[in-house]
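Here's the structure we're looking at; comments come further down.
The values are calculated or read from the model by the stated rules, or taken from the named source; none is laboratory data. Keep in mind that this is a model prediction, so the values were computed, not measured. Glycine gets a Cβ as well: all are built from the backbone with ideal geometry, and neighbour counts include every protein chain shown. Accessible surface areas use protein heavy atoms only, side chains included; no ligands, DNA or RNA. Shrake-Rupley method; radii C 1.70, N 1.55, O 1.52, S 1.80 Å.
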Amino acid sequence: MRLTVYGGRRLFGEVAVDGAKNAALPLLAATVLTDDEVILENVPDVGDVRTMIALLESVGKRVQALEPDVYRIRPERELTSTPPDSLVRKLRASFLLLGPLMVRRGVSHLPLPGGCPIGVRPVDLHLKGLKALGAQIESQGGFWCASAAQLHPAEIHLDYPSVGATEQIMMTAALIPGRTVISNPAQDPEVHDLARLLIKMGAGIMIEPGRLHIEGTTRLQGTTHTVIPDRINAGTFLIAGAIAGGDITVRRCQPLHLEALLSKLDELGITVQEHVESVRVVSDGPGSFCGGRIEARPYPGFPTDLQPQMMALLSVARGSSVIKETVWESRFAHAAELARMGAQIRLEGSTAFLEGVMRLSGTHVSVNDVRAGAALTLAGLVAEGVTVIVDRDEHIRRGHRDLAGELNRLGAAIIEETSEEKEVVSSEVR
Ligand code: EPZ
């Protein structure tokens, strides 16, 4: 896929946010925990979700779209426990199936997953949790084999509040009678959305500061659940409004999940107005806000998935900025691409030092993960001339239904060309 962005246009109007990709993925994985019918609403139609749906079908589920963004998941045939390598390697979140398939089938095999190249992305905390629950884990030729030898509830401490490991342990423990406690769990809204689904399915889950209690049971039932809004895509649109200048409102979002971003935008001097389910941002664009300090940390800290987008914004701030990335050890690939557009960025380990410039210049840039793609698109909105974003592996579409189309409806001028055919996305020049 390739995006051709014509810079210099301000953004006006409203955009509605889809359901959260990073909530939908574990919610879909949790459907293997029951043979009853589960209906999920507000499921975003993005690449990673399509891959997870294909994974569910590969292990015996039938996934039907009842209407746009509403899916019914129920058994097609007996559940199997070894999804195909080709699908697993496309999506890191496929690893979430290891525990649930094991607890249902007695054994599960999964190859080490793929995903964005933003770091080594180990799974040691997932495996520590499953072993604590009594699973036997063996590594066989790049595959992990988990067998439910003598499963039992456990007290598990996570050395790091890993989102995936918390979700993996929660789902597995939900089908192990007795009380499992996770200390130092991830506190992300997406984790709590999964807890709400598991409670509806019959597990008892209680969340207190620093601890998550799961009362497991022998059988979980079907239910209906609505996916929470995507706070990362909401934040991406807010940063788009801030960088390009103009006046936009992001609807169907939960401002409570965006506190770290909203307070930071306010601190930079950007006008932000919170409403019940929407946020409005008003900005004069490049040079109208000051630089600042960002530290990407586990939730409720500043989200790492908005760090690249903020780097684009701070590239055209007044004065200097510092960005420290504490979650992923190599999530600065977008810095080199922004520098090619004229951004002044110096990297020292996991810290980026920026000097704001008044204007970026359009050029050819390449994308290597979902959020970097969004960041470069936002930079293109304010670059002089034309920015061509080459996204060979369609990373942007893994996390966004239609980023170019949404931004064009706000006044941007972006032509999107998929690998098969040339699609010109019309746009009005405001
Ligand atoms: C989830 O990934 C998100 N993905 C990521 O979003 C997000 O960046 C990340 O959480 C942090 O918020 C989904 O939810 C599908 P982690 P996850 O386990 O679960 C280390 C996007 O762009 N770690 O919290 O893989 C790990 O190396 C994606 O939508 C271990 O050391 O993240 C990293 O440094 C990118 N051992 C840190 O924890 C483990 O067993 C965060 O990982 C697991 C993780």
Given the chain, what percent of its DSSP beta bridges are antiparallel, to the nearest 5? 75
Choice from 316, 191, 276 with maximal GNM fluctuation in the chain (Cα, 10 Å cutoff): 276
Amide hydrogen neighbours beyond the local backbone of residue 157, cut-off 5 Å, H modeled: 183
Might you tell me the accessible area per residue for the stretch 128-274, computed with a 1.4 Å probe and given in Å²? 37
Anisotropy class of the stretch 21-226 from Cα gyration tensor, a/c 1.5 cut: rounded
Working out 0.36 nm times the residue gap between residue 219 and residue 138, then minus their Cα-Cα distance, what length gain in nm do you get to one decimal? 26.5 nm
Once the dipole of the chain is set up with Lys and Arg at +1 and Asp and Glu at -1 on Cβ about the Cα centre, which of 107, 165, 22 lies farthest towards its positive end? 107
Packing rank of 137-150, 254-267, where each peptide gets the mean count of other beta carbons within 10 Å, highest leading: 254-267, 137-150
Any idea what angle helix 21-30 forms with the longest principal axis of the chain, computed on alpha-carbon atoms, 0 to 90 degrees, nearest 10? 10
In order over the stretch 41-46: 3J(HN,Hα) from phi, Karplus 6.51/-1.76/1.60, θ = phi - 60°, whole Hz, x for each Gly or Pro, gives 10, 6, 7, x, 8, 10
Quickly rank 70-81, 100-111 as a protection proxy: mean count of other C-beta atoms within 10 Å, highest first. 100-111, 70-81
Per the charge dipole of the stretch 49-207 (beta-carbon charges, Lys/Arg positive, Asp/Glu negative, Cα centre), the residue among 55, 94, 152 reaching farthest to the positive end is 55
Phi to ³J(HN,Hα) by Karplus 6.51 cos²θ - 1.76 cosθ + 1.60 over the stretch 312-326, Hz, x for Gly, Pro: 4, 4, 6, 5, 10, 8, 7, x, 9, 9, 10, 10, 10, 9, 9
Once you keep just the Cα pairs under 8 angstrom separated by 6 or more residues, what percentage relative contact order results for the stretch 21-226? 20
Hey, can you grab everything whose amide H is under 5 Å from the amide H of residue 11? Only 5+ residues off in sequence or another chain; H modelled, so Pro and N-termini drop out. 245, 246, 247
Prolate/oblate/rounded label for the stretch 2-142 (Cα gyration tensor, a/c 1.5): oblate
Of all DSSP beta bridges having both residues in the stretch 286-362, the percent classed as antiparallel (nearest 5) is 60
Whole-Hz ³J(HN,Hα) from phi, Karplus 6.51 cos²θ - 1.76 cosθ + 1.60, for the stretch 125-138, glycine and proline x: 6, 4, 5, 4, x, 5, 5, 4, 7, x, 6, 9, 10, 10
Counting only residues 5 or more apart in sequence or on a different chain, those whose built amide H sits under 5 Å from that of residue 344 are 355, 357
Might you report the magnitude of the Cβ-based charge dipole of the chain about its Cα centre, with Lys and Arg at +1 and Asp and Glu at -1, to the nearest 20 debye? 400
Hey, got the dipole for the stretch 21-226? About the Cα centre, +1 on K and R Cβ, -1 on D and E Cβ, debye to the nearest 20? 340
For every helix of n ≥ 4 consecutive DSSP H residues, a contribution of -39,500 (n - 2.57) applies; sum these over the chain, divide by its total residues, and give [θ] at 222 nm rounded to the nearest 500 deg cm²/dmol. -9000 deg cm²/dmol
List the relative contact order of the chain as a percent without decimals, with contacts defined as Cα pairs under 8 Å and 6+ residues apart. 20
By the mean-Cβ-within-10 Å protection proxy, highest first, 396-406, 4-14 rank as 396-406, 4-14
